[in-house]
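Inspection log for the structure reproduced underneath, given as structure tokens.
The values are calculated or read from the model by the stated rules, or taken from the named source; none is laboratory data. Source: prediction; values computed, not measured. Ideal geometry is used to build each Cβ from the backbone, glycine not excepted, and the neighbour counts take in all protein chains shown. Just the protein is used for accessible areas: all its heavy atoms, side chains included, with ligands, DNA and RNA removed. Shrake-Rupley method; radii C 1.70, N 1.55, O 1.52, S 1.80 Å.
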Amino acid sequence: MEAVKTKHKKSIWGWVGYDMGNSVFSTTVMAGFFPLFFKSYWSQGTDAAMSTARLGLGVSLASLMVALAAPVLGSLSDAAGLKRPLLLSFALFGALMTALLAFIPAGGWAWAVLAYGAAVLGFYGGNVFYDALLPGLAPSGQRDGISGLGYAMGYLSGGLVFGLNVAMVQWPSSFGFSGTAEAVQASFLVAAACWAAAAWICYRLVPEPPARTGGPWAFKQSWAELARLWAELRCHRPVWMFLIAYWLYIDVVDTLVVMAVDYGMSLGFESGDLIKALLMVQLIGFPSAILVSKAGQKWGVRRAIFVCLAVYAFVCLWAVGLKEQWEFFLLAGLIGLVQGGVQALSRSYYADLIPAEKAGEFFGFYNMLGKFATILGPAMIALVGLSARALLPEGVGGAHLASRIGFASLLLPLLAGAYIFYRSQPVAET
């Protein structure tokens, strides 16, 4: 009996460990150094709007590929029992593309976009199978805590490694680097190594749930299963209403992660201050993800999610009139308090709504909607901002105001998602 408990704990920590590894990529590469390095190194001398368009196109295409493929991949993983192998394959591919970033020379923006887009494809694709492993780890009453632990440890590891990478960039000679560029390139290699190691640990320690059907490659059957699932989803009002609500409000969560640095730079904040704010989000997010998850267990998951969404609405409103450095740090702290919590609670809430034996395909839809939101959020900021820029006078003042108007548009999907979530039928709270 004791051996079974020990093995179960290893499985949980193997699952949590993957969050710790891929969080290094999302923090160091996605939110931190890649946006800065892309503008200053690979697109040096290029108009800022053009460099942003190049980057946005690459990320959007990668996210679109995952969004379209996620349900089929999820159905296939359930039918053939391939969650762990597919997770490992996507993660190693993403880690390899991340490492490739370290070898792309200055001015190679096209190669940087391709490598980064491929890395994002591996990141989001791997998360389809990672999330689908959660229902098999524990009964529904324990999933909130495990999901929160995954996000919390991800914030901790992401913050610690990001802190090391920030130190490398701030004092490159102390680490044996010739300059800032070489330190950033080394940071890409560190992120790739952490991600690959975490994927291998998860593959080794987390058991594969039983396959629903035989056959190693039930690809044709997966399409039939996908059509059946779509019909089944329409009969489960709580599931499809939550998916719509999640699609809308997670748009804001993901967009803030991707666009925070770009927004701060557009308002004239120093890159060093922006990096420090990101580091603060990670360090605050570690204990907060656990605390918010516990609050969800005590007071109800739905109530806790609503509190998180209210904080995001406050952040978006304040950010529109953001002027001082201390305000940016305050808003970063507020995001750190709720970001991990709303992600963890949404994942566990959805896991309680769906049948465990169909977790892969149901989480395929879950991830598909999340990735479509990642496509729409930055595009909405860009289109609204560009439209406002065309109507405003030339000069720095007009550019700043256009950025603020574009950022304010995030309130629309946030409020719409909160309303639909309010109207959806709640699950029984535990």
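Tabulated results
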quantity	calculated
Area accessible to solvent at residue 273, 1.4 Å probe radius, in Å²	30
Greater than 30 Å apart at Cα, pairs in 298/323; 10/276; 10/298; 83/276	298/323; 10/276; 83/276
Solvent-accessible surface (1.4 angstrom probe) belonging to residue 236, in square angstrom, nearest 10	70
Sequence of 103, 93 from largest to smallest accessible area, 1.4 Å probe	103, 93
Theoretical FRET efficiency, 1/(1+(r/R0)^6), r = Cβ-Cβ of residue 320 and residue 204, R0 60 Å, to 0.05	0.80
Theoretical gain in end-to-end length, residue 267 to residue 415 [0.36 nm per residue, Cα-Cα removed]	50.8 nm
Sequence of 283, 291 from largest to smallest accessible area, 1.4 Å probe	291, 283
Additional length obtainable on full extension of the chain from residue 171 to residue 232, 0.36 nm per residue less Cα span	16.4 nm
Per-residue SASA entry for residue 324, accessible area with 1.4 Å probe, Å² rounded to 10	100
Whole-Hz couplings from phi, Karplus 6.51/-1.76/1.60, listed for segment 26-42; x for Gly and Pro	5, 7, 5, 9, 5, 8, x, 7, 4, x, 5, 5, 5, 6, 8, 10, 7
Part-to-part distance (alpha-carbon centres) for segment 161-211 and segment 100-114, which is given in Å	18
Reciprocal mean inverse distance between Cα atoms of segment 123-210 - Kirkwood radius, Å	15.2
